[in-house]
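One structure below.
The values are calculated or read from the model by the stated rules, or taken from the named source; none is laboratory data. Quantities reported herein were computed from a predicted structural model and do not represent experimental measurements. Cβ sites come from the backbone with ideal geometry, for glycine too, and all protein chains shown count toward neighbours.
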Amino acid sequence: MSTPEQSPQDATPESIPAPTGIVVGIDGSDQSNCALIWAARQAKLRNLPLHLVTAYTVPIFAASGLDGGYATVDDDVIRQGAEAVLREAAAKVAHLDVAMDARVENGDAAGVLLELSESAQLLVFGSRGRGGFIGRLLGSVSSALPAHAKCPTVTVPLSCARRLGEGAPSDKPAPVIENVVTVGVDGSAHARYAVLLAAEQAERSGATLRIICAVKPYTGSLAWMPAPVDREALFTEIQQQLDAGEKWIRSHFPKLPIEVALIEGSAVEELVKASETSELVVLGTRGRGGFAGMMLGSTTDGVRHHAKGPIMVVRDREDPRQDDRSAFGPLLQA
């Protein structure tokens, strides 16, 4: 059984190389425990090292009394608490036999994780944290990271506890999780890169790739449009582009089972629903709306805040596999 390559006591920024595998934010909360287990299993699946990270800042309090000045909390005390949390986290996933290291960083949690994302392959964290010595690692930080991280990020909500084997026993039946990786698309280049990464994830885990495009229902909110929308023509156009996209992705992943769904409904609602039963939902950081009116930016935020399962957010990046997309059929026109 493996042990961490670096103990928390020795985990200083100078003593540990930049992460090259999966970074997971740890603060000892139930949320971070879910993120830890998911990240460790992914490290096992991908044969990558797992990097446990916690960060803290030393609080300063205004002193009362005539002397004025400020009082600080002992840095050593806080650091020892952080090290204890990392030791407990490492022990929790030691049975998976993955290479691990652990580091305690003194600084703003968002800044620490963003810096580590420059060399990491994946950044994983819970949806909300506990505060405490680690401050805002898993709270507002989890909202800021997806849009700015240099690598893909995965948010693991507490509602994943039962599917991960965590949490207290319940009389409610456990959710049935399909072996499916779902990706939301809107016809933009950002979405195409997200599809490529979703396909990679599905292929390595032996899952089906499910591509979802949701078109907003025609409601009074569209009354501002200068001309009536031909819904039938719109759906026909979108379906043609989805069919072309499916042929393209099959050319790069010929053995991968693929499903494509064109749905009339709210993109956020449909993808949140998909997160209840999918192994993973993958989204781009921003899109263009386009034919579906599904802007990935606002959609991504909405899905992440209400998801029932892990959500991967992918920043756009040039990928040579996109160069031949136009050979397979129509693209969304600018």
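Would you check which residues across the range 242-263 are of a type in the set (D, E, K, R) and either in a loop (DSSP other than H, G, I, E, B) or in contact with a Ser or Thr (Cβ under 8 Å, 6 or more places away or on another chain) (or both) and list them?
255, 259
Quick test of your reading of the structure: residue 196 fulfils all but one of (1) of a type in the set (A, V, I, L, M); (2) more than 24 Å from residue 243 (Cα to Cα); (3) outside the structural domain of residue 37 (by TED's automatic domain parsing). Name the failing condition by number.
So the condition that residue 196 fails would be (2).
Looking only at the range 109-157, filter to residues that are assigned to a loop (DSSP other than H, G, I, E, B), modelled with pLDDT under 90 and not basic (Lys, Arg); which one of those is nearest to the chain's Cα centre (by Cα)?
127
Determine, yes or no, whether residue 227 is modelled with pLDDT of 95 or more and either part of a loop (DSSP other than H, G, I, E, B) or more than 24 Å from the chain's Cα centre (by Cα) (or both).
No, not satisfied.
Which of the residues spanning the range 97-117 are of a type outside the set (Asp, Glu) and free of Cβ contacts under 8 Å to residues at least 60 places away in the same chain?
106, 107, 110, 111, 112, 114
Among 259, 246, which is the only one that is within 27 Å of the chain's Cα centre (by Cα), among the acidic types (Asp, Glu), surrounded by fewer than 18 Cβ atoms within 10 Å (Cβ to Cβ) and modelled with pLDDT of 95 or more?
The unique qualifying residue is 259.
What strands (runs of 3 or more DSSP E) completely inside the range 1-63 contain at least 1 residues that are among the hydrophobic types (A, V, I, L, M, F, W, C) and modelled with pLDDT of 95 or more?
22-25, 50-56
Being without any contact (Cβ under 8 Å) to a residue 60 or more places away in the chain, in a helix (DSSP H, G or I) and either aliphatic (A, V, I, L, M) or in contact with a Lys or Arg (Cβ under 9 Å, 6 or more places away or on another chain) (or both) is the filter here; which residues of the range 264-286 pass it?
268, 272, 273 - these are the residues of the range 264-286 that are without any contact (Cβ under 8 Å) to a residue 60 or more places away in the chain, in a helix (DSSP H, G or I) and either aliphatic (A, V, I, L, M) or in contact with a Lys or Arg (Cβ under 9 Å, 6 or more places away or on another chain) (or both).
Quick one: how many residues across the range 287-320 are modelled with pLDDT of 75 or more and in a strand (DSSP E or B)?
Of the residues in the range 287-320, 4 are modelled with pLDDT of 75 or more and in a strand (DSSP E or B).
What about residue 98, is it among the β-branched types (Val, Ile, Thr), at pLDDT 95 or above and in a loop (DSSP other than H, G, I, E, B)?
When the stated conditions are applied, residue 98 passes them.
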